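We did not get these values from a lab; they are worked out from the coordinates using the rules stated. Here the structure is a predicted model, which is why all the values come from computation and not from measurement. Methodologically, a virtual Cβ is constructed for each residue, glycine included, from the backbone with ideal geometry; neighbour enumeration extends over all protein chains shown.
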Amino acid sequence: MLSMNCPECSSPLFQLKTGEIICPSCRREVKVVDTGEDAERVTLTASLERTLTAKLHLIQRRLEAEEDPERIKSLTETLTTLLAALRQLKVDERPSKTK
């Protein structure tokens with residue numbers, strides 16, 4: 001058990017032998033990053049990922065019902081932007097390999 005709490009539910013966080021930090025209540029991995037000079041530790045959760053995913057589902061439902069070509073184009077562009085943001089979030093979460 002760590003001295004940090006989950007930013008979503010405030011439950012204590014646990015670190016697995018693999019190094020992953022998890023919240024047993026939310027059943028999600030929590031990322032911990034160093035924020036710079038003062039080395040203040042900040043916890044980041046999958047909150048942004050959940051938001052992007054929810055928006056993707058919302059836009060998908062709207063796209064399924066849409067018949068206007070201009071609106072379809074707009075919704076498709078929005079989907080593309082959300083997917084790119086989600087992809088970038090996953091890339092940014094990968095641990096950096098320093099030598």
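Listing for the model above:
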{"item": "Extension reserve of the SER10-ALA54 stretch, reckoned as 0.36 nm per residue once the Cα distance is removed", "result": "13.6 nm"}
{"item": "Total formal charge among the other residues, if their Cβ is under 14 angstrom from that of ILE72, Lys/Arg +1 and Asp/Glu -1", "result": "-2"}
{"item": "Sites THR76 and LYS17, calculated FRET efficiency, Cβ-Cβ separation with R0 35 Å, nearest 0.05", "result": "0.20"}
{"item": "For the stretch 46-94: Kirkwood Rh in Å [reciprocal of mean 1/r, alpha carbons]", "result": "11.3"}
{"item": "13 Å beta-carbon shell around CYS6, net charge (K/R +1, D/E -1)", "result": "+1"}
